[in-house]
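Accompanying notes for the structure given below.
The values are calculated or read from the model by the stated rules, or taken from the named source; none is laboratory data. On a predicted model such as this, the values are computed, not experimentally measured, just so you know. Glycine gets a Cβ as well: all are built from the backbone with ideal geometry, and neighbour counts include every protein chain shown.
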Amino acid sequence: MTTTKLVRTAPARAAVVGRLVAADRVRSAGVDRNLLKRLGFAGEAGKSATVTGEQPALTVLVGVGASGDLDATAVRKAAAQFVRAVASHKTVVLDLTSVEDLLDADDLVAAAAEGAVLGAYRFDRHKSPSEDTTLETVTLVCGDGGKAGLARGQVVADAVCFARDLVNEPGGTLTPAEFADRAAERAAAAGLGVDVLDLEGIREERLGGVLAVNQGSVEEPRFVTLRYEPEGAVGSVALVGKGITFDSGGLSIKPADGMMTMKCDMAGAAAVIATMCALPALGIPVAVTSYTPMTDNMTGGAAQRPGDVMRARNGKTVEVLNTDAEGRLILADALALASEGGPDAIVDLATLTGACMVALGDKIAGVLSNDESLSDELLAASEAAGEPMWPLPLPTQYRKLLDSPVADLKNIGGRYGGTLTAGLFLQEFVGEGIAWAHLDIAGPAFSEEVDAEVPKGGTGYAVRTLLEWLARRADAAAAGEPDGEDLSDG
């Protein structure tokens, strides 16, 4: 993975230098204005210009738009754009001094570090060894401060890359057992408490949704619980992540094209685990417990049939009419377990419904919540983190669409509003009085194209948002503002 370091002045012998340029500061870019005009560069966001010379041999100017609009997202994207342009060089320099008066130094450096590492990300574990030069070090130049921001940015970027690695791993390699092993190893090294349930343990805990989905597989399921318990914690939170390591659809089988990217159906669990593993290094003073059920969804002879009835952890029975609506079945158990812990708030993440992509496209996640304050917190954090989300409703009049003649509820509603009925289903397994939010990340968890810091493949979506949300929650508690416990009454 590419690393970053911080210096006060640009190295004199740097061969490749990048500079962030605001649209209203092009004259101070250090390059002849007439040349920039011929190159068509005016500092617009997303635009760049490359100039050759003697020292440095290569200068890359990256636009960030108007200086008054500069924020961490713009810096992150510009840094990623820069490293993609110079990826064939081993070491490069990114000079931030031209915009360091526009942002807090730590925020500026953190965003640049994140963008540099995420933009340079590659998943080549299964490729033959290559002798091509790859980017190893990005030196950031900031005249005053930024040391804490560098550390934070590197930790956050490392967590996102870990989530990406998990999502990009083929389902035949990242089995539930392997997924659990990697999560446990990383979590233990980070200093978290780790509990892993195997098949027998899952039976003993009455996790009927996990067992039902796993019936058609030759791979045993796992259920991983991670605990972060800092001293002086201000409140408690539970994170839940869907961990379907490969989704064939079960007997309600998907078409071939629909299976091509279904190794990504564990992106919710990957984001949750990566977030948990970053918490000790960031020192966020909120107690967090995560619950991640792991199984694949296959078509073996013992697979659950449409019409079968399962019983979840909280005792509710579910008529399974579509085995491809399996994520909500394993989340039901995890939400019930999380509720038993009595947290101030629960947030679950899942690549849950194609309907969410129909509504919001493939770059925006949906937020469904029983608590407006919690929803607002997550939306604010997602905006700051540069991971767009949009609120969706939980209409009570649609609950009847989940009524079943043979069980407490069925796992699908009608033809329309699939994301909303999925949210209503999940709500049935959240403890009374607990603030809860569901993030449907089906679209942005996996990308078919490169876009700034977002690579093709697994994106690590929502790791930045969750870490930002938890940090803001801690800051609000420290400032005496309403904390998570009060939010549940809102």
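The set of residues from the range 312-356 being surrounded by 19 or more Cβ atoms within 10 Å (Cβ to Cβ), of a type outside the set (D, E), over 29 Å from D376 (Cβ atoms) and touching a Ser or Thr at 6+ places or on another chain (Cβ under 6 Å) comprises just one member, T323.
Regarding the range 245-262, can at least one residue be identified that is buried (at least 23 other Cβ atoms within 10 Å of the Cβ), at negative phi and of a type in the set (A, V, I, L, M)? Within the range 245-262, not a single residue is buried (at least 23 other Cβ atoms within 10 Å of the Cβ), at negative phi and of a type in the set (A, V, I, L, M).
For D106, the conditions (1) at pLDDT 95 or above; (2) acidic (D, E); (3) more than 24 Å from R464 (Cβ to Cβ) are fulfilled apart from (3). When Y291 is tested against (1) crowded, with 24+ Cβ neighbours inside 10 Å; (2) on the phi > 0 side of the Ramachandran plot; (3) not hydrophobic (A, V, I, L, M, F, W, C), just one condition goes unmet, and that condition is (2).
Looking only at the range 49-64, residues that are surrounded by fewer than 20 Cβ atoms within 10 Å (Cβ to Cβ) and of a type in the set (G, A, S) come to 2 in all.
Checking each residue in the range 136-151 for being touching a helix residue (DSSP H, G or I) at 6+ places or on another chain (Cβ under 9 Å) and surrounded by fewer than 23 Cβ atoms within 10 Å (Cβ to Cβ) picks out G143, D144, G145, K147, A148, L150, A151. In the condition set (1) modelled with pLDDT of 95 or more; (2) surrounded by fewer than 21 Cβ atoms within 10 Å (Cβ to Cβ); (3) over 25 Å from A111 (Cβ atoms); (4) not acidic (D, E), R415 is compliant with all but (1).
Given the condition under 24 Å from D132 (Cβ atoms) and touching a Ser or Thr at 6+ places or on another chain (Cβ under 8 Å), answer yes or no: does some residue in the range 95-109 qualify? No, that holds for no residue. In the range 123-242, counting only strands (runs of 3 or more DSSP E) that sit wholly within it, the ones holding 2 or more residues that are touching a strand residue (DSSP E or B) at 6+ places or on another chain (Cβ under 8 Å) and of a type in the set (D, E, K, R) span 222-228. Cβ-Cβ contacts under 6 Å between residues 6 or more apart (or on different chains), taken from a first residue in the range 114-132 that is in the same structural domain as R84 (by TED's automatic domain parsing) and of a type outside the set (F, W, Y) to a second residue that is surrounded by fewer than 24 Cβ atoms within 10 Å (Cβ to Cβ) and part of a loop (DSSP other than H, G, I, E, B), are listed as V117/T2; A120/T2; A120/L135. Scanning the range 190-222 for residues that are without any contact (Cβ under 8 Å) to a residue 60 or more places away in the chain and farther than 11 Å from D333 by Cβ yields G193, V194, D195, V196, D198, L199, E200, G201, R203, E204, E220. Residue under question is G191, and the condition is that it be surrounded by fewer than 18 Cβ atoms within 10 Å (Cβ to Cβ), within 19 Å of M294 (Cβ to Cβ) and not acidic (D, E); does it hold? Against the criterion (surrounded by fewer than 18 Cβ atoms within 10 Å (Cβ to Cβ), within 19 Å of M294 (Cβ to Cβ) and not acidic (D, E)), G191 does not qualify. Residues in the range 427-485 that are part of a helix (DSSP H, G or I) and without any contact (Cβ under 8 Å) to a residue 24 or more places away in the chain: D475, A476.
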